[in-house]
Amino acid sequence: MKTIVTLIRNELKTLWISPSTYIAAVLALLIMGFLYLATLFALVGDEQEALPPTIFLSTFWVPVLLVVPMLTMRSLAEERRLGTLESLMTTPVSAAAIVFSKWFGAYTFYILVWLIALGFPWIAAEILQQPEMTSRFFDQGSLIGGYLFIALSGALFIAVGIFASSLTRSQLVAGMLSFSIIFLMIIGIAALRLIEAQSAEWDTFPIQWLDYLQIMEHFEDFSKGVVDTRPVIYYLSGTALILGVSALIVESKA
Amino acid sequence: MDSPPYSIEAKHLTKMYGRTPAVRDLSFQVRPGEVVGFLGPNGAGKSTTLRILTGLLAATSGEAWINGISVAREPSAIKRQIGYMAENNPLPEDFRVSEYLRFRARLKGVPRRELRSHLDSILETCDLHRKARRKVIGALSKGFRQRVGIADALIGNPQITIMDEPTIGLDPHQVILIRDLIQNLRGRTTVLLSSHILSEVEVCCDRVLILNQGRLVASGTPAELRETFVPGATYRLEVIGQRTVLESLLQKYAADWRHRFDQTDDPKDLRLRISTDERDQEDPTQALTNAIHANPELTLRAWHKIDPNLEDIFLIATRRSWELSEEALRDKNSGNQPEVIS
């Protein structure tokens, strides 16, 4: 336990002093800022049923696809390339502890970026100075539900990034791999679901499975304030499974 | 509990990478407190063996023990007994020396109360206690980085220190510093270090293991190896006088010895080496010296014995193992059973 705390502290320190973390954060916030601006324009353009936090957070996959690879691709791949992973493995530290600390560090920064994004509605409210709009910007149900979804799905996405990083010694390969896997998880499964719904004879995958894995669908539930335990279990068990596999990989080819 | 007789023991270690053997049937022992050098040409299997001993790599067959504990069965237990400095000495570039070493110390379970004094003493041993401790590792020179690597290996007072090429890429001054550092460790821990710089191993180590193509081709103290691989003797002689006169004396008193004259500018300045490969050849020193003294045309200027250095031993030992394996290959191709290769 004490070693995990040491590893996590070291990991946070590494992320804190590495420029790539800041580039990832700035890039993500830049994109999120534009997406929030687009949300505001959509609100002005015509009457919107959906609340501003829901519209904004429904574009979560755009920053996710950029931030997650950037935050995670370095972690294990770089340590493996430098050989520091090997010297870490010669201390009495388990591979699981190493993988968990990597995940925890990246996850902390991921959440931090999303928390900074909470500044957007605040800035919008300050500039617009309309009490009626302000209450919609900070609609509690959609905001809390949406952020709960971000936190849960983020755990899985970061785990996928760490997994990709554990497979290779090249940061570039790790980044592209995690981008591809997350793209398939979010867009690929949605596309499969769409194809299955449209054609009667094409049913390779049971429709319930695809429904269960629909990340976009989960988001809609959460943003309405509906917290279903099934997606919660999906994200938590998925995170644990992928981190476990990553630990096995680190152990077998340190 | 009695302390185990060997700090490191390897029995029939074999490691295959696909179908290529990196280490073949390697067995050796290291006693507590010994400083042992692991020699071999590039690709001989030194690093692979060291990685097996630290539990980083699993052997294909065979077993290794660290202080009597099986590496394969209790990898976490042996990690507490070993300080390891990996090949190329990987270090994080962005950390300060003291920060990095503190991190490593906490990972290795040094109690918080002893942390400061422990690190201070290690920094002092490795001569890092002055300005260097506050520097960022990425900005250090290679010699200092190497010392950080050794300091890291010493954290937690391991009973066994394993160093993979600790002096690679250093200039002669730095090599001497590192060598002194290793001498400092004598008596504190058992040291196993790999290298292909022979002079360094000759100075530092009590015993030498020579590896070639994954096999142990020689093992023993430098003196024992000299005896086994380079029997006989070599002398160097410097004489002023006529070459023909000296040659006739050599013919008379050292007929069984080979001699070779060096090229010199002055035909009267004679420099030569006389040598034999026979173990029990009669020593001509006394007779030849007397004869030269007695001859008015010759003046003896220098006469000394040349001990074969580890380089000669290494070359002979590795060449012999190549010849043996070629022989085995030929035997195999002609359908005969190969001889036992040791």
Checklist outcome for this item: Applied in sequence order to region B:48-54, the curve 6.51 cos²θ - 1.76 cosθ + 1.60 (Karplus, θ = phi - 60°) yields integer Hz couplings, x standing for Gly and Pro, of 4, 4, 5, 5, 5, 5, 8
Checklist entry - So which chymotrypsin sites (Phe, Trp or Tyr not before Pro) in region A:105-181 pass both tests, a DSSP loop state and at most 16 other Cβ atoms within 10 Å of the Cβ? => result A:138
Next on the checklist: Taking only complete DSSP H runs, can you tell me which helices of chain A stretch 24 Å or more along their own long axis by Cα positions and average at least -0.5 on the Kyte-Doolittle scale?
Outcome noted: A:19-45, A:95-116, A:140-167, A:229-252
Item to check | Theoretical FRET efficiency, 1/(1+(r/R0)^6), r = Cβ-Cβ of residue B:265 and residue B:120, R0 56 Å, to 0.05 | outcome: 0.45
Checklist entry - Using the C-alpha atoms of region B:228-324, what convex hull volume per residue, in cubic angstrom, is computed? => result 113 Å³
Checklist entry - At what distance in angstrom do the alpha carbon centres of region A:155-207 and region A:41-89 lie from each other? => result 15 Å
Checklist outcome for this item: With a 26 Å threshold on alpha-carbon distance, the violating pairs from B:11/B:108; A:253/B:142; B:11/B:46 are B:11/B:108; A:253/B:142
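I'd like the mean, over residues of B:103-110, of how many other protein chain beta carbons sit within 10 Å of each residue's own Cβ. Don't skip to the end; give the middle numbers.
On the way: counts 6, 5, 2, 8, 11, 5, 6, 0.
Counting Cβ atoms of other protein chains within 10 Å of each residue's Cβ and averaging gives 5.
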Checklist entry - What FRET efficiency comes out for the pair residue B:306/residue A:18, r = Cβ-Cβ distance, R0 = 56 Å, nearest 0.05? => result 0.50
Checklist entry - At 10 °C and 1.306 mPa s, what whole-number value in µm²/s does Stokes-Einstein give for the translational diffusion of chain A, with Rh from the Kirkwood sum over Cα pairs? => result 82 µm²/s
Checklist outcome for this item: If each part is reduced to its alpha-carbon centroid, region B:201-219 and region B:50-85 end up apart, in Å, by 20 Å
Next on the checklist: Residues of region A:100-142 with the amide nitrogen closer than 15 Å to a label point 7 Å from the Cα of residue A:27, along Cα-to-Cβ, please.
Outcome noted: A:110
Checklist entry - So, in nm, how far is label residue B:228 from label residue B:180 when the simple model puts each one 7 Å beyond its Cα toward the Cβ? => result 3.4 nm
Next on the checklist: Placing unit charges on C-beta atoms (Lys and Arg positive, Asp and Glu negative, everything else neutral), compute the dipole magnitude of region B:8-228 about its Cα centre in debye, rounded to 20.
Outcome noted: 800 debye
Item to check | For residue B:47, net neighbour charge (Lys/Arg +1, Asp/Glu -1) across residues whose Cβ lies under 13 Å away | outcome: -1
Checklist entry - If the cut-off is 17 Å between C-alpha atoms, which aspartates and glutamates fall inside it for residue B:15, apart from same-chain ones fewer than 8 positions away? => result B:25, B:63
Next on the checklist: Give the residue list of GluC sites (Glu not before Pro) in region B:259-312 that are DSSP loop and have at most 13 other beta-carbon atoms within 10 angstrom.
Outcome noted: B:278, B:282, B:297
Checklist outcome for this item: The farthest towards the positive end of the charge dipole of region B:8-228, of the residues B:218, B:53, B:172, given +1 on Cβ of Lys and Arg and -1 on Cβ of Asp and Glu, is B:53
Item to check | Leading residue at positive end of dipole, chain A (Cβ point charges), from A:113, A:210, A:133 | outcome: A:113
Item to check | Phi-based couplings in Hz for region B:100-113 (Karplus 6.51, -1.76, 1.60; Gly and Pro marked x) | outcome: 4, 5, 5, 4, 5, 5, 6, 5, 7, x, 6, x, 3, 5
Item to check | Exposure rule at most 16 other beta-carbon atoms within 10 Å, DSSP loop trypsin sites (Lys or Arg not before Pro): chain A longest free segment | outcome: A:1-223
Item to check | Eligible aspartates and glutamates near residue B:252 by straight Cα distance, threshold 12 Å, same-chain separation 8 or greater | outcome: none
Checklist outcome for this item: The size of the Cβ-based charge dipole (Lys, Arg +1; Asp, Glu -1) of the protein assembly as shown about the Cα centre, to the nearest 20 debye, is 1400 debye
Checklist entry - In region A:14-90, which GluC sites (Glu not before Pro) are in a loop and have at most 13 other Cβ atoms within 10 Å, using DSSP for the loop call? => result A:47, A:49
Next on the checklist: Of A:239, A:59, B:66, which is farthest towards the positive pole of the protein assembly as shown's charge dipole, taken about the Cα centre with +1 and -1 on the beta-carbons of Lys, Arg and Asp, Glu respectively?
Outcome noted: B:66
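Every number here is computed from the coordinates shown, using simple stated rules; none is lab data. A quick note: this is a predicted structure, and the numbers were derived from the prediction, not measured. Cβ: placed from backbone, ideal geometry, glycine included. Neighbour counts: every protein chain shown.
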